[in-house]
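Structure first, then comments.
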Amino acid sequence: MLEMLQLPLVVTAQVDLLLVLVSLLAFWTRLSHLNYPNAVVFDEVYYGQFVSLYMKRVFFIDDSGPPLGHMILASGAYLGGFDGNFVWNRIGAEYPSTVNVWSLRLLPALCGALCVPLVYLLTLELKFSHLSALGAAVLLLLENSLIVQSRFMLLESVLIFFVLLAFFSYLRFHNSTPHRTLQGTCWLILSGVSCGAAVGVKYMGLFSYLLLLVVASLHTWKLIGDKTISHVISCHLYVHRVLCLVVVPVLLYVFWFYVHLSFLNRSGPHDQLMSSAFQASLQGGLSRITRGQPLEVAYGSQVTLRSSVSQPIPCWLHSHKVNYPIRYDNGRGSSHQQQVTCYPFKDVNNWWIIKDPGRQQLVVDTPPRPVRHGDVIQLVHGMTSRFLNSHDVAAPMSPHTQEVSGYIDFNVSMPAQNLWRVDISNREAESEVWKTILSEVRLIHVNTSAVLKLSGVSLPDWGFRQLEVVADKLFKAHSSSLEWTVEEHRYGTSQEQKEREAELHSPTHIDVDRKISFWAKFVELQWKMLTVKQEESEHKYSSSPLEWITMETNIAYWLHSSTNAQIHLIGNPVSWGVANLSLLAYQLLAVVYLLRRRRGLKDVPDGVWDQFVCLGCVCVGGWLVNFVPFLLMDKTLFLYHYLPALCYLYLLSPALLEHAHTHLLRYAHQPLRALCVGALAVLLSIFLTYRTFCPLTYGSPELSAHQLQGLKWRDTWDILYRRR
Amino acid sequence: MAKAECTPKWNTLALRNRKTCPTPEKSFQTTFTPVSKDKNSQTAGHLAGGDTQSSNGPSGQFLARESIESPSKVLLMLVAGLSFSTRLYMITEPPHVCWDETHFGKMGSYYINRTFFFDVHPPLGKMLIGLAGYMSGYDGTFPFIKPGDKYENQNYWGMRGFCATLGSFLPIFAYLIVLELSNSCTAAIIAATLLIFDTGCITISQYILLDPILMFFIMAAVLSMVKFNQQRYRSFSASWWLWLVLTGINLAGALGVKFVGLFVIILVGLNTIWDLWRLLGDMSLSLVDIAKHFLARAFALILLPVILYVTIFAVHFVVLNKSGPGDGFFSSAFQSRLIGNNLHNASMPEYLAFGSTVTIKNLRIAGGYLHSHWHLYPEGVGARQQQVTAYLHKDYNNLWVVHRQQDNNSQSGNPDLVRHGDIVRLEHKETTRNLHSHLHEAPLTKKHFQVTGYGINGTGDANDLWQVEVCGGRKGDPVKVLRSKVRFLHRATGCVLYSSGKTLPKWGWEQIEVTCSPYLKETPSSQWNIEDHINPKLPNISLSVLKPNFLEILLESHIVMFRGNSGLKPKDNEMNSKPWHWPINYQGLRFSGVNATEYRVYLLGNPVVWWINLASLGLYLTMVAVASIATQRGFSLGQQRIEHSLVLVRGGGLLMLGWLLHYAPFFTMGRILYFHHYFPAMLFSSMLTGLTLDILFRSADLLLHPPYSYWFQRAGQLLLLFSILYSFYLFHPLSYGMTGPLAHEPGSAMADLKWMDSWEF
């Protein structure tokens, strides 16, 4: 102890000047003039709306990714004092002076800039030299598309940052033998945290995470085989890794949602997609309407019944004073009784009264008699007093099911069959008593044992294009289209029809607070995010994954409202070519090595071979997992989806060059010199190309139409010219 | 020790006629413990178990072979007998069209009638069905209109019998495959029993379907591959070649029936790569030998299947030479091959002229004809004007008349030709509406404009005008019928007539959307050709330039098949089967009959069998994990245990891979899926179960001492056999038909058997 306190106190610091230099350059390329252009650029229009909703704490669903990405953007906006009052409706719209554009774009730009030193460090962890590391950093530094993507309020740079950080810290951990130092553990935890963050920013991060898990399990597998370690320690190491690399990311992922849900507590535009219970947990919206409703549904209750499915749209059981047409278009007959439909808007005709079949009155007793699972009820339509009825008549659009109608006695020997049995399907989770919002109820027709069901088909004109409601025999047992929840609810007090109508028109009242647990909300939100169908849209700049490799396409991000100044997502064609070339070269080399090693010819020593394999696992593997999934996707895809994959290739290129330099061409001096000269020439041309495309990357200076023409290196690129 | 013991230790594998002693592998170098010897000799010769470890030492080798081969032959006969009897029992019941028989029976008839049709599957399966029907005296006249139609006097048993026969081979193949992989009769018999008494396998084999044929080829391919693997020490011998070529033939067969055959090709491919990799590491082989091996495999597993596959298509096109219901799916050039098609030896005016009546076909493969009909777009979908769609079938509603901008009357004398750059008005012949577009969004492709039929008797507005553009042409070029690619540019908005390929919902009769695209890129979707051309004022000229060559036909038919396949999207609100439903036997398929009075057949796996399979998958993974961790940690294992873990890893790994390959890809498929897609995977899963359970029972001695462990093993096998037989007894009505009330109603014979709410029998 005392030895450590001996004077003089000396701080020896090693500063890698190269690292500092590339970092500074990275900050300069990514952060300079960040608030130009002072207008909405490309997908800022998309992410911006969510940032605004965050500022207003309004709930939303975005199926494009988990909430962490949005939260990071929102925190940038929060730091800049953005109040959420900006309408994100059009690319190119000018920001007012109240919006601090710089802070909106700061965090993605920072992440983008930090990627450059990270790549430098990662190359070192892959056990390549500082020169290779510099090469990789320069490739990343001078990549126009990465610069563009980092400089705006977009998420790719954040994703790339976390993925690189995860790999870097994992390799740091792996290289820091012995494994059980505190420092090693810290790196491992950092790796787990970055994995959780990467998956939290975009779902694509999942694939990189899986790759990291594969690499880690390979390493662990070797560790298991290490017979010098005792069983106990081996077990310990194993558990340690599982905790850091599996449990931590999963917990973090859930945590992002926890923050998201606890932060967004106001109702908003996407409420309708969620269940009633979820909506009731949000301030305003449904909770305002339903605040103070009685909890237990009783005989005489006035209710609106919402279908549990939100496909095709959320809707409520509805009836109106129009009958089914006597004959349908295709010649089939109907009962000509009153239509019962499902209507996607709030309406006074959505109110139904629950009646005890044994009694006449439609008011709630004191004390109220709650309806329980298994009870038989009648449902009376509030405005027209028709009973909900079903019978053996084919439904209008789905003839294999029964028609549901409001019963009118035409005296045609068609008796009323209006008894329904209440079947509470989540009674184990909730209770036997029918509860507002919480209970999911099936209404089983007593005479035919068919179940009230939303068929999801719209009726033709005679049914005002509302949705068809039918009664279906209980075949498909677990379909949520059979389930209904009571949404609005009050105890009816008026005996007379006229009074009742007035009562139905008046809003509901009284208050009880209803809680839904975080886990239920999390599961529901996650499920909805994965299943919400986004309309497939064609986009002018969408492209197919195979076009990315050769950069056949570009994306116009922004065009000045009056001049030719514009910003495009265009990569640096030279580096792009280098990346593709190194990918090919690596694969070729790997195949040759593998075949020759199998025949017992070891071209490189085992240590170098391990290094080579590790490089391939991380870089080629990373490219594969970030590229191949897109080939199978049905989504609208853009060039920027390729950027994470591209980064792995930039990591690969200089390392591969170094490998060739030190091991392949060891004794051939002539080619060695050519290689060095070639590499320098390539670097120089990369720099020149970067300079050439700078005007399209930074949006200034403005170019003439002729100059723009000159930048159109590929016929398939779409560069905009403003007609004067 | 390892070297000295080489031959005796390998006796089990030496049974497979091994010539040389292979290079011992690491895991084999542990010592041979006499304890396991004792155990083996105790179990040897008992019952069906036929333990292959029973023989020790070179002297026992020959004896052992005798003792295994004889019971296994008896068992094989037993398996074959049971298999055929369960599949062929009540084969003619029900005497009406069941489920997809309506398609495949019909397509079999088409082959007998030589009528051209279109299907999303390659032709071999239907060709075989047609052949079987032909041989058994079916004349191809039964229309197979819809499920439930009575066969009356038709000879349908031949086709069903053929499928059932192929289906009967499945348990036999499974038996042989597992026997090869595990060297254990018990494992083989378990696998075969699972398949013989699975109601699902029986049901799917008994009808005129492609699945039994497909599964026959898949299993045959796997069997020949496994047999071939065992021939590895007799390279280039006759039997080596035989199994190799058989593998190739069966691969072609599997792919020729359904594209699902691709999965087994991948399986064989991976196995071959692995095999070649092993050969490459064998330093006793020269590079020339390895090249020979490689070329032999390339020939038998790539070249041969490709040739066979192409031959199948060649036969298909030669046999089907008459025009039929499939014509419209194919390009004009393709149709000119078909006798009876109006393009066959067509003669029509060569250049398009004003006043001609034409059909206009989209150039996208399977793009359809420009079509309109007396129905309006529904409210909320653009303007409420008449629908314009693309329709794949030939129909009089596909006819359009080409008019000048203004006049409607045909002039006297020779009509003027339509040239590049001319403005035309296209009038729908049946409804006299003009082809029209305007700035409303199209029904599905929201960024395009809607195309409608507008006006009456030729009077419309300025939005009815289209400019004709011949692709690659210059101003003044005439439009050649059939050969010119034409684009129609809308005058008012500048957009181009486009077929998006998306299927309209019910209101559009599920025809294909036609839009006007503002993106002017030249793609086949925006190019059209004039197919039929009627103009009495012009001389007809014989057009025979169009005959496409075989490769073009082959390519086109494949593109059409893939389009068709991806077009089979699940419809909204239809309960469709999800891949995760399948292994848990969540929901079956109704083959025949809905009501209580009808004869009902329900395709559902025997739940006991399926759940055993499911459990075994988990069990297998656990056992492999335990075994490999034990090996990796370097625990010393007994000889028997090492052999078990090798069987688990190698044989089981192959089957597991087969299961994965036949199951996992369905999760990524967007097309509509059905329960029966799981059956090939189920075969692999059952074989894996046989192998896993056998080894589980044999590993009883880990926990119990010798006599008890042996009893445990036998008790387990008996219990398994009994539960499969009893569940088959319970569930056999699913396959052989039930009548009477439905299961969820009182009084049904199946009442207690509705174990899951989702079953619908």
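The values are calculated or read from the model by the stated rules, or taken from the named source; none is laboratory data. All figures in this text were calculated on a predicted structure; none of them were measured in a lab. Note that each Cβ is placed from the backbone with ideal geometry, even for glycine, and that neighbours are counted across all protein chains shown.
So for the stretch B:340-353 (the condition being surrounded by 17 or more Cβ atoms within 10 Å (Cβ to Cβ), part of a helix (DSSP H, G or I) and more than 14 Å from chain A (Cβ to nearest Cβ)), does at least one residue qualify?
No, every residue in the stretch B:340-353 fails to be surrounded by 17 or more Cβ atoms within 10 Å (Cβ to Cβ), part of a helix (DSSP H, G or I) and more than 14 Å from chain A (Cβ to nearest Cβ).
For A:LEU569, state whether it is under 25 Å from A:LEU646 (Cβ atoms), touching a Ser or Thr at 6+ places or on another chain (Cβ under 8 Å) and away from every other protein chain (no Cβ under 14 Å).
yes
Name the single residue that is nearest to the chain's Cα centre (by Cα) among those in the stretch A:214-272 being of a type in the set (Lys, Arg) and within 14 Å of chain B (Cβ to nearest Cβ).
A:LYS222
Quick one: would you say B:SER686 is more than 30 Å from B:GLY148 (Cα to Cα), surrounded by 20 or more Cβ atoms within 10 Å (Cβ to Cβ), among the hydroxyl-bearing types (Ser, Thr, Tyr) and out of contact with any Asp or Glu (no Cβ under 7 Å at 6 or more places or on another chain)?
Yes.
Read through the list (1) in contact with a Cys (Cβ under 9 Å, 6 or more places away or on another chain); (2) at positive phi, then give the number of the only condition that A:TYR586 fails.
Failed condition: (2).
Could you tell me which numbered condition A:LEU615 fails, if it satisfies all but one of (1) farther than 27 Å from A:ALA216 by Cβ; (2) in contact with a Lys or Arg (Cβ under 9 Å, 6 or more places away or on another chain)?
(1)
Would you mind finding the one in A:PRO396, A:PRO415, A:PRO370 that is within 14 Å of chain B (Cβ to nearest Cβ) and either crowded, with 16+ Cβ neighbours inside 10 Å or over 35 Å from the mean Cα position of the chain (by Cα) (or both)?
Values: A:PRO415 fails: within 14 Å of chain B (Cβ to nearest Cβ); A:PRO370 fails: within 14 Å of chain B (Cβ to nearest Cβ).
It is A:PRO396.
Name the pairs: first residue in the stretch B:545-567 and exposed (fewer than 13 other Cβ atoms within 10 Å of the Cβ), second residue modelled with pLDDT of 80 or more, Cβ to Cβ under 7 Å, at least 6 apart or on different chains?
B:PHE550/B:ALA314
A:ARG306 fails exactly one of the following numbered conditions: (1) surrounded by fewer than 23 Cβ atoms within 10 Å (Cβ to Cβ); (2) in contact with a Ser or Thr (Cβ under 7 Å, 6 or more places away or on another chain). What is the number of that condition?
Among (1) surrounded by fewer than 23 Cβ atoms within 10 Å (Cβ to Cβ); (2) in contact with a Ser or Thr (Cβ under 7 Å, 6 or more places away or on another chain), A:ARG306 violates only (1).
Report the residue count in the stretch B:374-402 for those that are part of a strand (DSSP E or B) and over 25 Å from B:PRO536 (Cα atoms).
Within the stretch B:374-402, residues that are part of a strand (DSSP E or B) and over 25 Å from B:PRO536 (Cα atoms) number 9.
Yes or no, residue by residue, for (1) touching a Pro at 6+ places or on another chain (Cβ under 6 Å); (2) modelled with pLDDT under 80; (3) outside any loop (DSSP other than H, G, I, E, B):
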{"position": "A:ARG288", "(1), (2), (3)": "no, yes, yes"}
{"position": "A:HIS318", "(1), (2), (3)": "no, no, yes"}
{"position": "A:LYS321", "(1), (2), (3)": "no, no, yes"}
{"position": "A:ASN330", "(1), (2), (3)": "no, yes, no"}
{"position": "A:PHE345", "(1), (2), (3)": "no, yes, no"}
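Might you let me know whether the stretch A:72-91 holds any residue that is without any contact (Cβ under 8 Å) to a residue 12 or more places away in the chain and more than 23 Å from A:ASP271 (Cβ to Cβ)?
To start, the set of residues in the stretch A:72-91 that are without any contact (Cβ under 8 Å) to a residue 12 or more places away in the chain comprises A:87.
After this cut, where a residue has to be more than 23 Å from A:ASP271 (Cβ to Cβ) as well, the list is none.
For the stretch A:72-91, residues without any contact (Cβ under 8 Å) to a residue 12 or more places away in the chain and more than 23 Å from A:ASP271 (Cβ to Cβ): absent.
Kindly list the number of the only condition in (1) closer than 30 Å to B:SER347 by Cβ; (2) assigned to a loop (DSSP other than H, G, I, E, B); (3) within 48 Å of the chain's Cα centre (by Cα) that fails for B:GLU469.
Condition not satisfied by B:GLU469: (2).
Please pick out the residue among B:GLY148, B:GLY200, B:GLY161, B:GLY167 that is among the small types (Gly, Ala, Ser), part of a helix (DSSP H, G or I) and surrounded by fewer than 20 Cβ atoms within 10 Å (Cβ to Cβ).
That would be B:GLY161, the only listed residue that is among the small types (Gly, Ala, Ser), part of a helix (DSSP H, G or I) and surrounded by fewer than 20 Cβ atoms within 10 Å (Cβ to Cβ).
Is it the case that some residue within the stretch A:431-444 is closer than 23 Å to A:HIS489 by Cα, within 12 Å of chain B (Cβ to nearest Cβ) and among the basic types (Lys, Arg)?
Step one: list which residues in the stretch A:431-444 are closer than 23 Å to A:HIS489 by Cα, which gives A:431-444.
Within this subset, residues satisfying the condition of being within 12 Å of chain B (Cβ to nearest Cβ) are none.
For the stretch A:431-444, residues closer than 23 Å to A:HIS489 by Cα, within 12 Å of chain B (Cβ to nearest Cβ) and among the basic types (Lys, Arg): absent.
Taking the stated definitions as given, is B:GLY494 part of a loop (DSSP other than H, G, I, E, B) and away from every other protein chain (no Cβ under 14 Å)?
When the stated conditions are applied, B:GLY494 passes them.
Got a sec? Which of B:ARG641, B:ARG671, B:ARG714, B:ARG650 is among the basic types (Lys, Arg) and within 14 Å of chain A (Cβ to nearest Cβ)?
B:ARG671
Working only within the stretch A:462-479, note down all residues that are modelled with pLDDT of 80 or more and within 8 Å of chain B (Cβ to nearest Cβ).
Passing the criteria: only A:ARG465.
When the residues of the stretch A:110-139 are narrowed to those that are among the polar types (S, T, N, Q) and either in contact with an Asp or Glu (Cβ under 7 Å, 6 or more places away or on another chain) or surrounded by fewer than 24 Cβ atoms within 10 Å (Cβ to Cβ) (or both), which ends up farthest from A:LEU31 (Cα to Cα)?
Applying the filter and picking the extreme gives A:SER129.
When both residues are 6+ apart or on different chains and their Cβ atoms are under 7 Å apart, which pairs have a first residue that lies in the stretch B:312-333 and is within 25 Å of B:TYR391 (Cβ to Cβ), and a second that is surrounded by fewer than 20 Cβ atoms within 10 Å (Cβ to Cβ) and among the small types (Gly, Ala, Ser)?
Final answer for the pair search is B:LYS322/B:GLY340; B:SER323/B:GLY340.
Does the stretch B:230-241 contain at least one residue that is among the hydroxyl-bearing types (Ser, Thr, Tyr) and surrounded by 24 or more Cβ atoms within 10 Å (Cβ to Cβ)? Before the answer, list the steps.
Residues of the stretch B:230-241 among the hydroxyl-bearing types (Ser, Thr, Tyr): B:233, B:235, B:237, B:239.
Next, only the ones that are surrounded by 24 or more Cβ atoms within 10 Å (Cβ to Cβ) stay: none.
Checked the stretch B:230-241: no residue is among the hydroxyl-bearing types (Ser, Thr, Tyr) and surrounded by 24 or more Cβ atoms within 10 Å (Cβ to Cβ).
Answer yes if at least one residue in the stretch A:678-686 is in contact with a helix residue (DSSP H, G or I) (Cβ under 8 Å, 6 or more places away or on another chain), farther than 15 Å from A:ASN144 by Cα and of a type in the set (Gly, Ala, Ser), and no otherwise.
Yes.
I'd like to check something: does the stretch B:706-724 contain any residue that is touching a Pro at 6+ places or on another chain (Cβ under 6 Å) and either farther than 27 Å from B:LEU176 by Cα or loosely packed, with under 15 Cβ neighbours inside 10 Å (or both)?
no
Collect the residues in the stretch A:234-264 that are of a type in the set (S, T, N, Q) and surrounded by 14 or more Cβ atoms within 10 Å (Cβ to Cβ), keeping them in residue-number order. Give the steps one after another, and end with the answer.
From the stretch A:234-264, those of a type in the set (S, T, N, Q) are A:234, A:262; that's our starting set.
Within the stretch A:234-264, just A:SER234 meets the criteria.
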